[in-house]
Amino acid sequence: MKTGRPPVEPPIIRARVPAWMRGRDVLLTLGAWLLIGYFLREGLYLAYDYLRAPIFELTTARAPDWGEIWGRLRGFVLLAVGLVAWITFWAFDSRARLQATHSPQPAPLPDASHGVHFGLTDAELAAWRLAKVQTVDIDPAGQVTMRMDGRSRDVGGRAEISGPSLG
Amino acid sequence: MWDFLAPIVTGFTLGYPFVMAWYWMSGGILHRLVRGWNEPLPGEPPLLPSYPAVSILVPCHNEGSNIREVIAALDAVDYPDFEVIAINDGSRDETGTILDDLASQYARLRVVHLATNRGKALALNAGAAAARHEILVAIDGDSLLERDAVTWFVRRFLSDGTLGALTGNPRIRNRSSLLGRLQIGEYSAIVGLIKRAQTLFGCVFTVSGVVCAFRKRALHDGGWWSPVTLTDDVDMTWRIQIAGWTVAYEPKALCWILMPETLRGLWRQRLRWSEGGTQTVLRLTPRLFHRRLWRMWVVWFNYMVSVLWAYTMFAGFVVWCLRWKSLAPLVHYPAFSPVPQGWGALLTVTYLIQASVSLVLDRRFEQGILRLIVWQVWYPLFFWMVQALTSVVGAPRAILRLTRPSTGTWVSPDRGVR
């Protein structure tokens, strides 16, 4: 591929929305964080107390009943650990496939097989693939017929498609 | 009996997202370690041993306001040999005229007009038949393919001859509103992590229809795109895997997409996804009875469990609302508050860890993405309920659709604030 190319800027759209809308989004989101902070306040204070000097000691906060918490969570934690072990096994198992750089390639689909599915002969399919602009009918069953109208033109820009008449 | 069932329902409803969050996170991290550790950056693809020709399919329906930009982005794709086939599926706006005009400007562009509107699946079939090359890349008519995406797709196909399809990495363009910014995190934390984990496992639930690539042979073995499904991408992914091909995620194949930024648009989109997903899974279940397809059963099972979870979650929320109205004694079912207390707080923290992990993994693809963690707080508070509700509504509609098959049609989506 080409080297020394300039980087491409992501085509992100940031439309100018009304100030009230931006303010609403910010306030609501701030409120949501405060709500979560409120419900997690005991845990957050516990962590703060544990990490401040003297570090790794609880000074004012009371330690929760870890046994009770573990009793409640044990089943879910063990299930999660089991699933992590499961996906780790598959990651290990698939690493050769995922890290491969080349592999024998399957043969391409023959045009004849492709054309049959859509009710087209080889010649019709070949003609279709020459067209630059074309109009086609495709019925709900997937059968295709080509219309020779004013829009259709082939890769050379002529007015009509060369090749067999379709449909 | 209810005394026995209530703790099971509570444990399942609260435990399922907790357990799966750690599973998806592990899958994402392991994918990075196994597949991505020594990988070049997305903007620096290595030289390939060969550059097989590629056809890029762009099905369009009423894309008059987007198509010029889409075709210009495709013309800038850095790949030696490719053609672009735009399929105008009976648009009622000026899409057809614009495409005819663009065909004179761009040598690589070819245009197929469908005489009548037939839906995305048949439009893709028509485009594939017109395509000259074995490898097909498909994007939506409002999406901008990144310059090197085709190279990354081809590199992956060359590395594994069993791959029948690849799913790319859709990145959200429109982020003017809270909903837009929220979905960026969702695409990383939910979609990206799940696809990474499923790639490691060897079975993917769906390619992203907005940016994906196929071998024609795999599409043929899968029976081509079906017009009777709402979500052609899920359907095609399953049928390709049933036919014996593998499907994988290529996160470096980037494509910039537009997403809804209104609640109505979001609801319609997610309901279609949910309904289409369930429809496909149910429709193809009879074809899964083969020992070779055991991996698909695992993905099938997880999907069904996620639908069941949506029902148990929604029922708990309804009970919580009734309790609020002092009707609790009438209902013997656990109540699930949308306010994150206790277990809810634990789930919220778990999700925020999941979002952080995914954004760290995805910062290679987008600078400054870590800042978006601020907005992700809404996902567990609001988005989970929307997702659950779409599953609750979508599942019966999908079952109904199985008994009354109809063809998929185009829906003009909400494309955000521009």
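At-a-glance table
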| read-out | value |
| --- | --- |
| Total residues in segment B:39-77, condition closer than 18 Å to B:Ala107 by Cβ and surrounded by fewer than 16 Cβ atoms within 10 Å (Cβ to Cβ) | 5 |
| Conditions (1) in contact with a Lys or Arg (Cβ under 8 Å, 6 or more places away or on another chain); (2) modelled with pLDDT of 95 or more; (3) in a helix (DSSP H, G or I): number failed by B:Gly164 | (3) |
| Test for A:Asp49: is it touching a residue at least 12 places away in the same chain (Cβ under 8 Å) and more than 10 Å from chain B (Cβ to nearest Cβ) | yes |
| Segment A:97-116 residues that are within 7 Å of another protein chain (Cβ to nearest Cβ) and more than 24 Å from A:Trp128 (Cβ to Cβ), paired with ones that are surrounded by 13 or more Cβ atoms within 10 Å (Cβ to Cβ) and of a type in the set (Phe, Trp, Tyr) (beta carbon under 8 Å, 6 or more apart) | A:Gln105/B:Phe157 |
| Residue, surrounded by the fewest Cβ atoms within 10 Å (Cβ to Cβ), within segment A:106-121, restricted to residues that are modelled with pLDDT of 90 or more and in a loop (DSSP other than H, G, I, E, B) | A:Ala107 |
| Which numbered condition A:Ala61 misses (of (1) more than 7 Å from chain B (Cβ to nearest Cβ); (2) over 30 Å from B:Thr262 (Cβ atoms); (3) under 35 Å from the mean Cα position of the chain (by Cα); (4) not in a helix (DSSP H, G or I)) | (3) |
| Positions within segment B:117-133 being outside any helix (DSSP H, G or I) and facing chain A (nearest Cβ under 7 Å), in sequence order | B:Arg118, B:Arg132 |
| Failed condition for A:Gly31, given (1) more than 10 Å from chain B (Cβ to nearest Cβ); (2) part of a helix (DSSP H, G or I) | (1) |
| Only one of A:Pro18, A:Pro6 that is under 22 Å from B:Pro260 (Cα atoms) and either out of contact with any helix residue (DSSP H, G or I) (no Cβ under 7 Å at 6 or more places or on another chain) or away from chain B (no Cβ under 11 Å) (or both) | A:Pro18 |
| Meets criteria (within 23 Å of B:Ser26 (Cα to Cα) and modelled with pLDDT of 90 or more) for B:Tyr311 | no |
| Members of segment A:122-141 found to be touching a Pro at 6+ places or on another chain (Cβ under 8 Å) and either at pLDDT 90 or above or within 7 Å of chain B (Cβ to nearest Cβ) (or both), listed by number | A:Pro140 |
| First in segment B:36-61 and part of a loop (DSSP other than H, G, I, E, B), second anywhere and among the aromatic types (Phe, Trp, Tyr), Cβ under 7 Å, 6 or more apart | B:Pro42/B:Phe365; B:Pro45/B:Trp152; B:Tyr51/B:Tyr79; B:Ala53/B:Phe82; B:His61/B:Trp410 |
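To keep it simple, each residue is scored yes or no on (1) under 30 Å from A:Asp25 (Cα atoms); (2) more than 7 Å from chain A (Cβ to nearest Cβ); (3) surrounded by 23 or more Cβ atoms within 10 Å (Cβ to Cβ).
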| position | (1), (2), (3) |
| --- | --- |
| B:Ser91 | no, yes, no |
| B:Glu94 | no, yes, no |
| B:Asp101 | no, yes, no |
| B:Arg110 | no, no, yes |
| B:Ala115 | no, no, no |
| B:Val137 | no, yes, yes |
| B:Leu158 | no, no, no |
| B:Gly168 | no, yes, yes |
| B:Ser177 | yes, no, no |
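Yes/no per residue for (1) out of contact with any helix residue (DSSP H, G or I) (no Cβ under 9 Å at 6 or more places or on another chain); (2) hydroxyl-bearing (Ser, Thr, Tyr); (3) modelled with pLDDT of 95 or more:
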residue: B:Pro286; (1), (2), (3): yes, no, yes
residue: B:Trp297; (1), (2), (3): no, no, yes
residue: B:Val307; (1), (2), (3): no, no, yes
residue: B:Ala315; (1), (2), (3): no, no, no
residue: B:Leu322; (1), (2), (3): no, no, no
residue: B:Gly344; (1), (2), (3): no, no, no
residue: B:Leu347; (1), (2), (3): no, no, no
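The values are calculated or read from the model by the stated rules, or taken from the named source; none is laboratory data. Treat the numbers as computed from the prediction; the structure is a model and nothing was measured. Backbone-built Cβ (ideal geometry, glycine too); neighbour counts: all protein chains shown.
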